[in-house]
Amino acid sequence: SVGPKVGEHRPGLDLTFSPAKSVSLVALVGGDERVVEALRQAVSATLTWAERNIAEARAWDGQRQVPEKTGNLVAATFLHDVTRNDEPQLHVHAVIANVTQRASDGAWRALHNGEIYKRQHVLGTVFNADLRTRIEALGYATEPAHNARDGSFEIAGFSREAIKAFSSRSA
């Protein structure tokens, strides 16, 4: 999340979409710009899925706050290509503003974050499935990641040692 501590106004959320190391190596070391574009498109598709399925506003039902589906998010995405250790790592930060427009009356209200938090792993799975489909459409073979989580995958042909050589932060 972005901003203040619990109980204070939260201006937004930072959802980070980070593919497996082999994807970054193919794109950044191998120079395949199509992979960078596939990443951007997969993030966009995932945010569209989130809008359609989990974006909610806080609404008042006369007695308490209740979530209301809105179908929209306000987001900005930022592509990064290195880790804090200056190693290749494609990733996208999607900063989601704490605001959404209610469908019922068009009013702009605070985003109800409950479903976003609950479905973090679902968002990861949607992202990985979409990205994997795009990577395979570019002609790359894929395989489940070493510690596959939320459908994570590697581009086939990279040894575990090669992946670890560019992953000093995880060591």
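The values are calculated or read from the model by the stated rules, or taken from the named source; none is laboratory data. Bear in mind the structure is a predicted one, so any value in this text is a computation, not a measurement. Every residue, glycine as well, gets a Cβ built from its backbone with ideal geometry; the counts of neighbours run over all protein chains shown. Heavy atoms of the whole protein, side chains included, go into the accessibility calculation; ligands, DNA and RNA do not. Shrake-Rupley method; radii C 1.70, N 1.55, O 1.52, S 1.80 Å.
Here are the numbers for the structure shown:
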quantity	calculated
All positions within region 156-171 that are touching a Leu at 6+ places or on another chain (Cβ under 8 Å) and at pLDDT 80 or above	Phe158
Near pairs, Cβ below 8 angstrom, 6+ apart or cross-chain, from region 70-81 (within 17 Å of Ala42 (Cα to Cα)) to any residue that is among the charged types (D, E, K, R) and surrounded by 13 or more Cβ atoms within 10 Å (Cβ to Cβ)	Leu73/Glu51; Thr77/Arg40; Leu79/Arg40
Flag for Thr77 being within 21 Å of Phe17 (Cβ to Cβ) and at pLDDT below 85	no
Tally, over region 126-156, of residues that are open to solvent by less than 80 Å² (accessible area, probe 1.4 Å) and either part of a loop (DSSP other than H, G, I, E, B) or within 12 Å of Ala50 (Cα to Cα) (or both)	12
Residue count for region 13-31, restricted to those that are surrounded by fewer than 19 Cβ atoms within 10 Å (Cβ to Cβ), touching a residue at least 24 places away in the same chain (Cβ under 8 Å) and of a type outside the set (A, V, I, L, M)	3
Region 32-60: number of residues that are aliphatic (A, V, I, L, M) and open to solvent by 50 Å² or more (accessible area, probe 1.4 Å)	0
Helices (runs of 4 or more DSSP H) contained entirely in region 1-119, each with at least 2 residues that are over 17 Å from the mean Cα position of the chain (by Cα)	33-54
Region 128-158, residues that are in contact with a Lys or Arg (Cβ under 9 Å, 6 or more places away or on another chain) and at positive phi	Gly151
Selection count, region 80-121, where residues are open to solvent by 60 Å² or more (accessible area, probe 1.4 Å) and among the hydrophobic types (A, V, I, L, M, F, W, C)	3
Checking Ala148 against (1) within 15 Å of the chain's Cα centre (by Cα); (2) without any contact (Cβ under 8 Å) to a residue 40 or more places away in the chain, the condition it does not meet	(1)
Those residues of region 158-169 which are open to solvent by 60 Å² or more (accessible area, probe 1.4 Å) and either in contact with a helix residue (DSSP H, G or I) (Cβ under 8 Å, 6 or more places away or on another chain) or closer than 30 Å to Gln65 by Cα (or both), in sequence order	Phe158, Phe166
So Asp81, is it touching a Gly at 6+ places or on another chain (Cβ under 7 Å) and of a type in the set (D, E, K, R)	no
Residue in region 80-102 that is in contact with a Ser or Thr (Cβ under 9 Å, 6 or more places away or on another chain), hydrophobic (A, V, I, L, M, F, W, C) and over 30 Å from Lys21 (Cβ atoms) present	no
